[in-house]
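Asker: I have a structure I would like to understand better, so I am pasting it below and will then ask my questions one at a time.
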Amino acid sequence: MVNALSYEEFNTTENIELIDHRLWVQADSLHAPPSFPELSHLYQNGKSMKSTFTGSDAYVTKLKLSNKEESTTWFVNINAVYLDIGTAYWQSDNGDITTLEDFGQITGSAPKLAHSQVFSLPLKDKESGTLWVYVQAKVFTTPLRIRLYSQDEFYFKQFTANSLNSISFTVMITLALIAFL
């Protein structure tokens, strides 16, 4: 049995960062986002990894989370620039399974944050459960890291990061046009 289970309690005033070390399990690559039973099977049959810095592959993790505060939406940020497939499920302690947004480039419907992947995690008052995440890419340029942001922190980060990227791109294009003329 794989032991990549992490347990975190959090409230609305703190952000959490989970580093790569033994967090992920190597899984089989798929052609479409997995259903929850498929994801559970991939995790059970996966190979424990010290790091995801292996170039390309598919990985699964499950995180035991407990919301100590009122109902709120958290944002889960994975530092992967490009994902072929990214999908997540929330399994509450009472057994209910909730499908969260697909956040890969091919099927993604999640909030946009430059140079990383994000999906929302709505939690009820004092809710606990397990977050299941599947990621697959042709190239992982850095080890995978997960950050959980409160709603306010995420919107600030999203505005800042996306604005800086847009401004930088505009400056580069302007300088290229000036050099061309």
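The values are calculated or read from the model by the stated rules, or taken from the named source; none is laboratory data. Given the structure is predicted, the values throughout are model-derived calculations rather than measurements. With ideal geometry, Cβ positions are generated from the backbone for all residues, glycine too; neighbour counts draw on all protein chains shown.
Asker: Given the conditions (1) among the aliphatic types (A, V, I, L, M); (2) closer than 27 Å to Thr99 by Cα; (3) part of a helix (DSSP H, G or I), which single one is not true for Met172?
Answerer: It fails just one condition, (2).
Asker: While we're looking at this one, here's another question. Counting only residues that are of a type in the set (S, T, N, Q) and within 16 Å of the chain's Cα centre (by Cα), which one in the range 135-181 is nearest to Ala58 (Cα to Cα)? Please lay out each step first, then the result.
Answerer: Kept after step one, since they are of a type in the set (S, T, N, Q), are these residues of the range 135-181: 136, 141-142, 150-151, 158, 160, 162-163, 165-166, 168, 170, 174.
Going one step further and asking which of them are within 16 Å of the chain's Cα centre (by Cα), we end up with 136, 141-142, 150-151, 158.
Details: Gln136: 4, Thr141: 14, Thr142: 14, Ser150: 27, Gln151: 28, Gln158: 26 Å.
Here the residue is Gln136.
Asker: Could you please find all residues in the range 19-75 being at pLDDT below 85, of a type in the set (S, T, N, Q) and touching a helix residue (DSSP H, G or I) at 6+ places or on another chain (Cβ under 9 Å)?
Answerer: Within the range 19-75, Thr72, Thr73 qualify.
Asker: Could you grab me the full set of residues in the range 33-47 that are closer than 15 Å to Gly95 by Cα and without any contact (Cβ under 8 Å) to a residue 40 or more places away in the chain? Walk me through it before giving the result.
Answerer: First, pick out the residues of the range 33-47 that are closer than 15 Å to Gly95 by Cα: 36-37, 40.
Result: Pro37, single match.
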